Amino acid sequence: MKPTTNPSGTHFNKPLESLLVVDFSQFLSGPSAALRLADLGARVIKIERPKTGDICRHLYTSNVIMNGESSVFHAINRNKESFAADLKNAADREQVWELVRRADVVMHNYRPGVMERLGFDYASVKVQNRNVVYGEISGYGPEGPWRDKPGQDLLLQSVSGLTWLSGNADAGPVPMGLSIVDMLAGAHLAQGLLACLVRRGRSGEGGLVQVSMLESAFDFQFETLTTFFNDGGALPERTRHNNAHAYLGAPYGIYQTSNGFLALAMGSIPKLGQLLNCPALLAYSEPAQAFTQRDAIKATLAEHLRTDTTEVWLAILEPADIWCANVLTWDKLLAHEGFAALNMVQEVTMADGYAYRTTRCPIRLDGELLTSSKGSPQLGQDNAALLREIIDIQPTRHDA
């Protein structure tokens, strides 16, 4: 595999180059883990069903279609190869086995029991690939009464208690506007796989890495759950106004101004009163009042901040080292020099020449950006090349 060329034109080797990942996963959690491995240099081969492929190609919340398929598929499956195979067909299964035998990592995100039925579970794979690092994501873990429930993000946000942390007190449970549990589980799987690869590099021993979305959702709440465990079992109480964190006092929240919104993090209430010329805030001189009377404080702040623009308030607060920020929409963010300085956007190109813009890997190594010009694969586009390169037999015809 050739070394990566970065934007400066120099070459450097990514740390996972020469590693082969065979990925059976689909939708979001597993593919997000595989994407991170690909960004770090691994060669990732997606195993997909003929004709339909990864369900994320067509079935998702996004109604934006790019080159005939969902924008979400293109975002999360760039820098990968696609091998279409019917795992219930003997010839196709043997082709996949040839890939699995050569793999450093095999991974999936099916419900418990599915890979056993297909014959590609860890125990079966280990027989033919003794030192394999095998990763799996489930919704609720391999055991327990919930093990067979669908691992869908909104459902996991709901059952894990996460929805009771966002929104104001009278708003009911509020889910996050991203598939956050999917992404967390994917990140945790990538971490576990990398740790197991390090161990294999030292001892030659592979292993099984298991992640569940539910456990990832619990881990995401480690701060708040620790507080709950040690606070007599008191449930989180969100503020009635401008809630942003159920366990933090005023002024923590987002406030409307005369022309937009302003985010305020932790800060002294009397100091804010002086800086903002809001005498009503001077009455809250005790630090404890920032929590015990946070609703009253936030209501006062909210009314006062609507009297002027975001820019006016920032010009007062930022020089005083108050933690605050403008609340930007994507169009304003992308036009800002602070965003441009990060070079977070890259253009990738599919095998048929279709090019699209997307984000890059957020990790830098030795000061270098981890970029790739390779877009998402068309279904089964790499069958012939992989069979020639690795298996050296004639490909089975699949009409995608």
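The values are calculated or read from the model by the stated rules, or taken from the named source; none is laboratory data. Nothing here was measured: the structure is a model prediction, and the numbers come from that model. Heads up, the Cβs are rebuilt from the backbone with ideal geometry, glycines too, and the neighbour counts pull from every protein chain shown.
Here are the numbers for the structure shown:
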quantity: Unique residue being in the same structural domain as G41 (by TED's automatic domain parsing), in contact with a Leu (Cβ under 7 Å, 6 or more places away or on another chain) and within 22 Å of P31 (Cα to Cα) when the list is R93, R117, R111; calculated: R93
quantity: Filter result for A263 (outside any helix (DSSP H, G or I), at pLDDT 95 or above and in contact with a strand residue (DSSP E or B) (Cβ under 9 Å, 6 or more places away or on another chain)); calculated: yes
quantity: Filter result (among the polar types (S, T, N, Q) and free of Cβ contacts under 8 Å to residues at least 40 places away in the same chain) within the stretch 17-51; calculated: S18
quantity: Matching residues, the stretch 246-260, being assigned to a loop (DSSP other than H, G, I, E, B), in contact with a strand residue (DSSP E or B) (Cβ under 8 Å, 6 or more places away or on another chain) and under 20 Å from Y284 (Cβ atoms); calculated: P251, Y252
quantity: Every pair of residues 6+ apart whose Cβ atoms lie under 7 Å, when the first sits in the stretch 211-223 and is in the same structural domain as G161 (by TED's automatic domain parsing) and β-branched (V, I, T) while the second is crowded, with 16+ Cβ neighbours inside 10 Å and part of a helix (DSSP H, G or I); calculated: V211/A185; V211/H188; V211/L189; V211/G192
quantity: All positions within the stretch 129-163 that are touching a residue at least 40 places away in the same chain (Cβ under 8 Å), within 30 Å of G204 (Cβ to Cβ) and among the acidic types (D, E); calculated: E136
quantity: Index of the failed condition, A290 passing every other in (1) surrounded by 14 or more Cβ atoms within 10 Å (Cβ to Cβ); (2) in contact with a Cys (Cβ under 9 Å, 6 or more places away or on another chain); (3) in a helix (DSSP H, G or I); calculated: (2)
quantity: Any hit, the stretch 341-351, residues being in a helix (DSSP H, G or I), surrounded by fewer than 13 Cβ atoms within 10 Å (Cβ to Cβ) and out of contact with any helix residue (DSSP H, G or I) (no Cβ under 6 Å at 6 or more places or on another chain); calculated: no
quantity: Odd one out for K126, checked against (1) part of a helix (DSSP H, G or I); (2) of a type in the set (K, R); (3) without any contact (Cβ under 8 Å) to a residue 12 or more places away in the chain; calculated: (3)
quantity: Whichever residue in the stretch 180-215 is assigned to a strand (DSSP E or B) and within 16 Å of the chain's Cα centre (by Cα) and, among such residues, is surrounded by the fewest Cβ atoms within 10 Å (Cβ to Cβ); calculated: S212
quantity: Flag for T300 being surrounded by 14 or more Cβ atoms within 10 Å (Cβ to Cβ) and in contact with a Ser or Thr (Cβ under 8 Å, 6 or more places away or on another chain); calculated: no
quantity: Matching entry among D148, D86, D121 (being charged (D, E, K, R), in contact with a helix residue (DSSP H, G or I) (Cβ under 8 Å, 6 or more places away or on another chain) and farther than 21 Å from R388 by Cα); calculated: D121
quantity: Filtered residue count, the stretch 359-369, keeping only those that are farther than 13 Å from N77 by Cα and either part of a loop (DSSP other than H, G, I, E, B) or aromatic (F, W, Y) (or both); calculated: 4
quantity: Single residue of the stretch 326-370 satisfying the filter (under 30 Å from E81 (Cβ atoms) and β-branched (V, I, T)) that is farthest from the chain's Cα centre (by Cα); calculated: T349
quantity: When residues of the stretch 25-84 are limited to those that are assigned to a loop (DSSP other than H, G, I, E, B) and charged (D, E, K, R), the one surrounded by the most Cβ atoms within 10 Å (Cβ to Cβ); calculated: D54
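Let's see how each residue does on (1) outside the structural domain of L272 (by TED's automatic domain parsing); (2) out of contact with any strand residue (DSSP E or B) (no Cβ under 8 Å at 6 or more places or on another chain); (3) part of a strand (DSSP E or B):
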residue: L328; (1), (2), (3): no, yes, no
residue: G353; (1), (2), (3): yes, yes, no
residue: R357; (1), (2), (3): yes, no, yes
residue: T371; (1), (2), (3): yes, no, no
residue: A384; (1), (2), (3): yes, yes, no
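Every residue, every condition in (1) under 28 Å from P362 (Cβ atoms); (2) surrounded by 22 or more Cβ atoms within 10 Å (Cβ to Cβ); (3) touching a strand residue (DSSP E or B) at 6+ places or on another chain (Cβ under 8 Å), yes or no:
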residue	(1), (2), (3)
G113	no, no, no
G119	no, no, no
G141	no, no, yes
L165	yes, no, no
